[in-house]
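Working notes, structure below.
Derivation of every value follows stated rules applied to the coordinates shown; laboratory data play no part. Note that this is a predicted model, so its numbers are computed, not measured. With ideal geometry, Cβ positions are generated from the backbone for all residues, glycine too; neighbour counts draw on all protein chains shown.
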Amino acid sequence: MSSIDRPEQVKVTYRTRFLRIGAKRAATILLLLGLAAGAGAGGKAALEGDPFRGREIFDEKGCSRCHSVWGHGGTLGPDITVAVIGKTWYELVGDFWNHTPRMIDEVAGRGYAWPTLDSREMADILSYMYYLRLFDEPGDVRRGADTYARLQCSACHTLGGSGGQGGGPLDGFGAHPSPVPLAQAMWNAGPRMQSEQLRRGRAIPEFTGHEMADLQVYIRAEGLREGREVELQRLPNPIRGAEVFRAKKCGVCHDSMRGPAPDLNRSAFSKTVSEITGLLWNHSYAMSSEMASSGVPFPRFEDGELSDLIAHLYFLDFAGDEGDPKQGSVVFTAKGCADCHQGGVDGVPDLMKVLHRTDRADLAAAMWNHAPQMHSLMAEKSRYWPKFEPDEMRNLAAYLRSLVHREGS
Ligand code: HEC
Ligand code: HEC
Ligand code: HEC
Ligand code: HEC
């Protein structure tokens, strides 16, 4: 029996490995283990797909028999975390599609059934793949030391027994593998920290790239703590994050784009947790004065709120841009779809007649589920499998949706 058939066993292996690898990769490995634990409770599903359900479906449908996630899992197909970097909905759908012929052969060759997905499952899996890229590689202690020195945190804080006064000790933050609790405390203390900085005539610290992740491992390494216990955070949940966004009234400025507040749709795109914490922090001073003048109270975050909010911001661009149906109709012909679907070929449905749903998850699922049939038909006709550039799938989907509209009207 392979380990994939027995999830408990896989978990045990990860745990022992975790102990061996030590704390450095803790965040990553524990994420893998804990992913399902973040599921459950939470607001209405505002986004298409639930990454936590997607994680389960990925196992249930046997995807993990061939694909690894962060190096754990099957090796026949590419590691999913590497393959899906920075891709939004349609790019992911295009990616699925481009690789289906080989997948169909591999699946059939091993005697597995083609893993069909209904539209909800498709949305869940896509959102899981998108979600995976939110997480950082573990930070780097040496770079963290540089950041700590450059931003002069030690002027007002102590760490490992040395440093200046005014801000209190930072050692306790070392208990967390994730930089989010540190970022949350910094955010909440922001106004006080800022006035102290102004009083001392110091520049306000700004973070670039993954510096928050580096700073976090530095604090973990240097901090004086009783035990070396790791305090795990709940995983960032985009569905709950949408609630936080509403509750903290972020939309007052950002939804209306009133005044100088920028459109957030692409702000967090392709960024990781630590980059997003840095982004929020860097803008927090300008935002807090804007808040003061608009009468919005400066929001404080508790428990997992900042973490969930980060996931919400990250997911704002999941859908990507909508395509153009006119260009999609050109794609439909250029990729040979029209040869079968408008060519009166036996057994091939007229899409205008069979497509009843406009939902893009439905379309993506329909194409995925029928791929093996299309593949064998195409093999008979010795056609090549049409591959898609990122924009093409988006445009094709817009065209297919326009067919549904036309039929409906
Ligand atoms: C029997 C093995 C097998 C199974 C099961 C399988 N795949 Fe694959 N998958 C592959 C192979 C092999 C490739 C590479 C194909 C290629 O290079 O053209 C691939 C490619 C992919 C890619 C594209 C990766 C890239 O490099 O861009 C995605 C996305 C993907 N698979 C998702 C899934 C999902 C989701 C499932 C479950 C519903 C699944 N796969 C099930 C073998 C499999
Ligand atoms: C000019 C002085 C100053 C500098 C420089 C400074 N801080 Fe602070 N920091 C403060 C003050 C003042 C507070 C508020 C303390 C309080 O209210 O108890 C604070 C609060 C914090 C808190 C919240 C502490 C808690 O227990 O909730 C964190 C975390 C923090 N700072 C991290 C940092 C980091 C990381 C740096 C370097 C990037 C930094 N600070 C640089 C003065 C400073
Ligand atoms: C009172 C108005 C206001 C409110 C409320 C507000 N913001 Fe902002 N936000 C701004 C302004 C103004 C900027 C630009 C600041 C700057 O340029 O540094 C900004 C910048 C940002 C950025 C950086 C965007 C980018 O692409 O550079 C993010 C992310 C952000 N806000 C998130 C939030 C979140 C999350 C909330 C709720 C907790 C929130 N904002 C509440 C006014 C507001
Ligand atoms: C070689 C012929 C052939 C080609 C080329 C072809 N298809 Fe299909 N397609 C089929 C067949 C056959 C079915 C029906 C499969 C079934 O009934 O399960 C189908 C079904 C579909 C469906 C599902 C319809 C439903 O029932 O919901 C969609 C969507 C679709 N095709 C889109 C496309 C697109 C987009 C292209 C071009 C990239 C394409 N097809 C190219 C033969 C083809």
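Below are the figures for this structure:
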read-out: Protection proxy ranking, peptides 318-324, 91-97, average beta carbon neighbours within 10 Å, highest first; value: 91-97, 318-324
read-out: Charge dipole magnitude, Cβ of K and R +1, D and E -1 - segment 141-315, Cα centre, debye nearest 20; value: 300
read-out: Residue-count net charge about residue 107 - beta-carbon cut-off 11 Å; Lys, Arg +1, Asp, Glu -1; value: +2
read-out: Chain lengthening between residue 202 and residue 79 when straightened (0.36 nm per residue, less Cα-Cα); value: 39.7 nm
read-out: Taking 143, 225 and counting other C-beta atoms within 10 Å, the order from fewest to most; value: 225, 143
read-out: Diffusion constant of the chain at 25 °C, which comes from Stokes-Einstein with the Kirkwood Cα-pair radius and 0.890 mPa s, µm²/s; value: 104
read-out: Given charges at Cβ of Lys, Arg, Asp, Glu: segment 202-249 dipole, positive-most of 230, 218, 244; value: 244
read-out: Candidate aspartates and glutamates - alpha carbon under 19 Å from residue 353, same-chain residues fewer than 8 apart omitted; value: 339, 362, 407
read-out: Computed E for residue 338/residue 154 - FRET, C-beta separation, R0 60 angstrom, nearest 0.05; value: 0.35
read-out: Surrounding net charge for residue 208, when Lys and Arg each add one and Asp and Glu each subtract one, Cβ distance under 13 Å; value: -2
read-out: Given 249/271; 87/335; 326/387; 271/387, the pairs whose alpha carbons are separated by over 25 Å; value: 271/387
read-out: Within-10-Å neighbourhood charge of residue 144 [Cβ basis; K, R +1; D, E -1]; value: -2
read-out: Estimated dipole of the chain in Debye, rounded to 20 [Cβ of Lys and Arg +1, of Asp and Glu -1, Cα centre]; value: 660
read-out: Neighbour-count order for 375, 283, 210, fewest beta carbons within 10 angstrom listed first; value: 283, 375, 210
read-out: Computed log₁₀ I(q)/I(0) - Debye formula, equal Cα scatterers, no solvent, segment 141-315, q 0.16 Å⁻¹; value: -1.00
read-out: Relative contact order of the chain, pairs being alpha-carbon contacts under 8 Å that are 6 or more residues apart, as %; value: 20
read-out: Order of 148, 112 under a 10 Å beta carbon neighbour criterion, fewest first; value: 112, 148
read-out: Lys/Arg +1, Asp/Glu -1 at C-beta; the chain dipole; positive extreme among 67, 395, 188; value: 188
